[in-house]
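Structure first, commentary second.
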Amino acid sequence: MGELAAARDRVDADQVERRRREDEAFARYAAADLDAQKVTAERDTALADLDQQQVRVRDVAETKLAAVEERQRAVLAELNSGGRSAEDLAAVFGLPLKRVRTQLRAAKAGDATTNGHDAAPDRSPTSASATAARGAAAAGLPDAATASPAPGAPDPDAEGAATVS
């Protein structure tokens, strides 16, 4: 009977030791699970911040690009009112004709909205006319401010529609 009791005590001791190791393993697993939750939360926060930053960067870029497009539109309109046809402008700047015509219509619509206001024209060296002159010179075109209109071209100072042909 003593041997059986001793064997039972060994088995019980083995079970106690196994139970202790399992408890430690469970605790390590629970700690790792908490770490995984923290990492996941940090990741989600960082990704949300990046998403917000991406939206801000896109918004800033869109605003800047709109300003650049407005400057390009002004140059196209100035050259067009100086006698260059939409076809000429498309060829010179390597743009699709449809885009040039759209830009010219948008410039005309923009002029129509600003003509009713007391907006003073920009006479700074970076104005549309200076930009247009640089663009025209680079493209081998005469400066629209000093060149006379081509024969048969509409008078740029006259009232009415700009040449959008």
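The values are calculated or read from the model by the stated rules, or taken from the named source; none is laboratory data. Since we're looking at a predicted model, the values are computed, not measured. Using ideal geometry, Cβ is built from the backbone for each residue, glycine included, and neighbour counts are taken over all protein chains shown. Remember, those area values only see protein heavy atoms, side chains included, never the ligands or the DNA or RNA. Shrake-Rupley method; radii C 1.70, N 1.55, O 1.52, S 1.80 Å.
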Provide Leu95, Leu47, Leu4 ordered by accessible surface of protein heavy atoms (probe 1.4 Å), highest first. Leu4, Leu47, Leu95
Contour minus end-to-end for Val39 and Ala91, with contour as 0.36 nm per residue of separation and end-to-end as the Cα-Cα distance? 13.1 nm
Kirkwood-based Rg over Rh for the range 10-82 (C-alpha set), two decimals? 1.72
Stretch Glu62-Lys98 to full length: gain in nm at 0.36 nm per residue minus the Cα-Cα span? 10.8 nm
Beta carbons within 10 angstrom, averaged per residue: use that to sort the peptides 105-113, 76-84, highest first. 76-84, 105-113
How much of the accessible area of the range 1-46, probe 1.4 Å, is carbon plus sulfur, in whole percent? 57 percent
Per the 1.4 Å probe, what fraction of the accessible area of the range 65-111, in percent, lies on carbon and sulfur atoms? 57 percent
Just the number please: accessible area per residue for the range 35-106, 1.4 Å probe, all protein chains included, in Å². 68 Å²
